[in-house]
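Please treat every number below as a calculation from the coordinates, not as lab data. On a predicted model such as this, the values are computed, not experimentally measured, just so you know. We place every Cβ from the backbone using ideal geometry, glycine too, and count neighbours over all the protein chains shown.
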Amino acid sequence: MSFFVGTFYWIALTNPIDSSHREVLRFTASLPPRSVITTDEVLTEFLAFGGADQRLRRQAGLAVEGLVNDPDIRVIPQSRSTFFGGLALYNERSDKAYSLTDCISMGTMRRERLTEVLTNDKHFDQEGSRAVFRVVPSSSSKTVDGKSVGYRQWRDGKNANDGIAGFLENYAGMTN
């Protein structure tokens, strides 16, 4: 099985203070080699996340350099075709709050026949994909301060010492 990787995932993976960091690390350790696909546009959005914070900016830059050179991570290059395809969906879904990057990602997922996306973004669920890290209320959910709190939905996998886990080892070395 292959997964599309959204901006949420790269941020949570590389930012130790992100509330989803530990969960994403656990999931990442279970990914088989060559099972993740992302785009230049997602990586551009990830870099923008670093913004003016020097530490986050440096971490994001190092992470992207590692990601684009990792043979287990397929990065689909930006093109006029993907841009205009995303723009068409963006214009068609004017009733939604989809970003252009979301729309380009959704188009990429359709072309690649992917249904699972490593994100918590409900917009992907609205387009028929499954946002793996989306909080979904369940029969075991509880109410905390009047709000339903569900479980995080993601598949259990086998522990692997290869694939994207290798990227994590390399990334950890870059940030120390």
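Take the Cα of PHE84, step 7 Å along the line toward its Cβ, and report every residue of the range 39-62 whose backbone nitrogen sits under 20 Å from that point. Only 40-41 pass the distance filter.
Positive contributions from Lys and Arg (+1) and negative ones from Asp and Glu (-1), summed over other residues with Cβ under 15 Å from the Cβ of THR44, come out at -4. Modelled label positions at ARG74 and THR115, each set 7 Å beyond Cα in the direction of Cβ, lie 1.8 nm from each other.
Taking every alpha-carbon pair in the range 11-145 and binning the separations at 10 Å intervals from zero gives 10, 36, 38, 14, 1 percent.
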